[in-house]
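What follows is a single structure, written as structure tokens, with notes after it.
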Amino acid sequence: MKIDEVPQEDAEAFEKEFKVLQYAVDDNGRFTTVKSVGWNPKTVVMQNAWDFENEKAEIARQLVLRGKKSPLYYHARKNMMNSSLLAGYTGFCRISVLLHFNPKVFRRLSQNKLQKYAAVFGFESVEQLLKIDSGE
Amino acid sequence: MKIDFKHQMAAHCENGVIANLLRFYGIELSEAMVFGIGSGIFFTYLPFIKMGDAPVFAFRPLPGYIFNKATKSLGVTIHTEKFRNPARAMESLDRNLEKGIPTGMVVGVFFLPYFPPQYRFHFNAHNIVAFGKEDGRYLISDPVMEGPETLGYDELLKVRYAKGIAQPKGKMYYITNVPDKIDIREAILNGMKRSVLYMVRLPGPVIGVTGMKYLGTHLKRWPEKYGDKKAARYLGQIVRMQEEIGTGGAGFRFLYAAFLQEAAQLLQIEALDSLSVKMTATGDKWRDFAVAAGRLCKGREQTESYEKTGDILIEIAAEEKEIFQTLGEIVRKAKK
């Protein structure tokens with residue numbers, strides 16, 4: 001890859017622009033570094049990966065709306081967490097996290113436990129944990 | 001307090017941290033050099049292990065490998081510590097900073113506040129260096145960022161105790177001793193020798209160039225085996241490993257070519273220069289592969305071009321095999 005071949009594409013593909021360092025050869029054939037703002041194939045595959053995650057979150061949202069799962073389940077999926085990861089962050093055991101995904105159990109959870117979950121997701125209040133985003 | 005630590009941006013976090021730390025102790029090595037000495041070039045395809053709903057593709061050895069090999073080859077002594085108690089991990093860091101020791105840490109990126117959101121997955125092997133504390137905030141040198149960043153106590157604690165696969169458990173490391181004289185020639189040759197081992201000498205179908213060839217042939221069957229959607233996602237996963245943050249382009253191939261070029265000058269071996277040119281050419285082919293994969297991901301082309309995409313990989317495998325075999329011979333001759 002030559003210096004002028006270093007791609008500078010799709011700068012606005014994501015909400016925050018980010019430059020990565022790329023190695024390329026100059027006119028004398030020596031390697032040097034160039035900052036690249038983005039590359040189309042890379043944007044496509046990253047978008048693809050995010051679509052996959054968003055799809056999972058959307059399925060979770062539908063389940064919550066139908067009353068099959070608790071809002072906690074949606075927030076976990078949205079943060080790409082499964083029960084064991086969530087158990088790791090809260091210190092609860094995995095079985096109880098799975099139980100908390102059940103709306104009936106979730107409704108009876110103490111304020112203390114809800115607070116712990118809210119803290120993992122970076123919510124300021126427990127209220128946010130009880131709500132789910134309305135779809136687009 | 002603030003340690004006089006020079007932050008320099010790098011392509012990859014692990015190489016970048018080592019290069020930055022070594023520079024602080026007066027050893028001036030480029031990122032590419034560290035990468036080569038640490039035998040960072042690698043390839044593996046593990047179809048039977050699924051991580052994050054896709055098979056494992058890796059263009060680098062396990063996290064920490066480059067670090068260990070590079071420091072050991074250079075004779076630099078490193079102290080590494082893990083802590084069960086988070087509060088003690090932070091105290092220990094504070095003590096280090098007070099003594100004026102820049103300290104490296106392994107962190108998870110998902111909760112790293114300054115990290116761009118599009119890169120925030122649950123990845124737990126990112127490396128950063130703390131080089132001071134001002135107004136209760138830690139000064140952080142993260143090699144993939146353009147400038148230094150800061151983190152609060154709670155923020156740093158959360159990322160140091162990230163959960164999931166390969167938990168960092170508050171891991172921190174710092175240089176305790178630097179040798180007076182470094183045998184750079186020996187370090188480079190040993191690094192190359194190890195890379196030759198991994199790329200062409202190891203038996204089995206999954207590591208090195210055989211792994212690439214295996215992936216190339218396997219990939220052609222993906223659409224019928226997994227369906228279009230899944231096949232596209234798997235293909236996307238390869239390209240993400242290849243191009244996403246920290247490879248310097250083409251799955252470290254350009255970084256390695258840069259290393260070969262530098263080594264050619266240091267060791268006065270001209271053959272390495274031409275190898276570097278060849279390596280750059282295969283790097284360009286990896287980019288072609290990414291373009292083809294990107295198109296398939298978008299769903300622009302019919303399934304038959306999985307054939308062509310697979311063929312690119314098989315071609316690359318043959319070329320890299322030749323490169324690393326030649327490199328093996330060069331190392332053997334130079335070691336005599």
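The values are calculated or read from the model by the stated rules, or taken from the named source; none is laboratory data. Nothing here was measured: the structure is a model prediction, and the numbers come from that model. Here the Cβ positions follow ideal geometry from the backbone for every residue, glycine too, while neighbour counts run over all protein chains shown. Just so you know, the surface numbers come from the protein's heavy atoms only, side chains and all, with ligands and any DNA or RNA stripped out. Shrake-Rupley method; radii C 1.70, N 1.55, O 1.52, S 1.80 Å.
Tabulated values for the structure
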read-out: Chain B: angle of helix B:305-335 to the longest principal axis, Cα-based, in degrees nearest 10; value: 60
read-out: Cα-based helix-to-principal-axis angle, B:65-74 vs chain B, degrees rounded to 10; value: 70
read-out: Share of alpha-carbon pairs per 10 Å distance bin for the stretch A:65-130, given as whole %; value: 22, 64, 13
read-out: Trypsin sites (Lys or Arg not before Pro) lying in DSSP loop within the stretch B:227-318, provided at most 15 other Cβ fall within 10 Å; value: B:Arg300
read-out: Set of aspartates and glutamates near B:Lys229 by C-alpha distance (under 15 Å), chain-local residues within fewer than 8 positions excluded; value: A:Asp51, A:Glu53, A:Glu55, B:Asp53, B:Glu301, B:Glu304
read-out: Principal axis box of chain B, alpha-carbon based, largest edge first, Å; value: 60, 51, 31
read-out: For the stretch B:184-335, alpha-carbon Rg over 2.2 N^0.38 Å; value: 1.13
read-out: Alpha carbon centroid spacing (whole Å) that separates the stretch B:184-240 from the stretch B:259-336; value: 12
read-out: Two-site FRET efficiency, B:Asp288 against A:Asn112, from Cβ-Cβ distance with R₀ of 56 Å, rounded to 0.05; value: 0.50
read-out: Nearest 10 degrees, 0 to 90: helix B:209-220 Cα axis against chain B principal axis; value: 60
read-out: Rg/Rg_globular for chain A, with Rg_globular taken as 2.2 N^0.38 Å and Rg from C-alpha atoms; value: 1.49
read-out: About the Cα centre, charge dipole magnitude for chain B (Lys/Arg +1, Asp/Glu -1 at Cβ), debye; value: 1040
read-out: Under 27 Å from B:Lys2, Cα to Cα: lysines that are on another chain or at least 8 residues apart; value: A:Lys19, B:Lys82, B:Lys99, B:Lys133, B:Lys158, B:Lys169, B:Lys171
read-out: For the stretch B:1-89, fraction of C-alpha pairs farther apart than 14 Å, in %; value: 71
read-out: Residue pairs, from the table A:Lys104/A:Lys131; A:Lys42/B:Lys220; A:Lys56/A:Lys78, whose Cα atoms sit over 19 Å apart; value: A:Lys42/B:Lys220
read-out: Positions from the stretch B:105-140 whose accessible area shrinks by 30 Å² or more when the full protein complex is built, not the chain alone, probe 1.4 Å; value: B:Phe110, B:Phe111, B:Pro116, B:Pro117, B:Gln118, B:Tyr119, B:Phe121, B:His122
read-out: Farthest positive-ward along the protein assembly as shown dipole, Cα basis, beta-carbon charges - from B:Ala162, B:Ile27, A:Trp39; value: B:Ala162
read-out: q = 0.12, 0.19 Å⁻¹: log10 I(q)/I(0) that the Debye formula gives for the stretch B:242-317, counting C-alpha atoms only; value: -0.41, -0.79
read-out: Under 17 Å from B:Lys6, Cα to Cα: aspartates and glutamates that are on another chain or at least 8 residues apart; value: B:Glu14, B:Glu28, B:Glu31, B:Glu134, B:Asp142, B:Glu146, B:Glu149
read-out: Dipole magnitude of the stretch B:104-151, debye to nearest 20 (Cβ charges: Lys/Arg +1, Asp/Glu -1, about Cα centre); value: 160
read-out: Alpha-carbon radius of gyration plus Dmax, which is the widest Cα pair, for the stretch B:39-85 in Å; value: 14.8, 40
read-out: Cα-based radius of gyration of the protein assembly as shown once divided by 2.2 N^0.38 Å, which approximates compact folds; value: 1.02
read-out: Residue-averaged beta-carbon neighbours from other chains (10 angstrom radius) around A:2-11; value: 1
read-out: Estimated dipole of the protein assembly as shown in Debye, rounded to 20 [Cβ of Lys and Arg +1, of Asp and Glu -1, Cα centre]; value: 2300
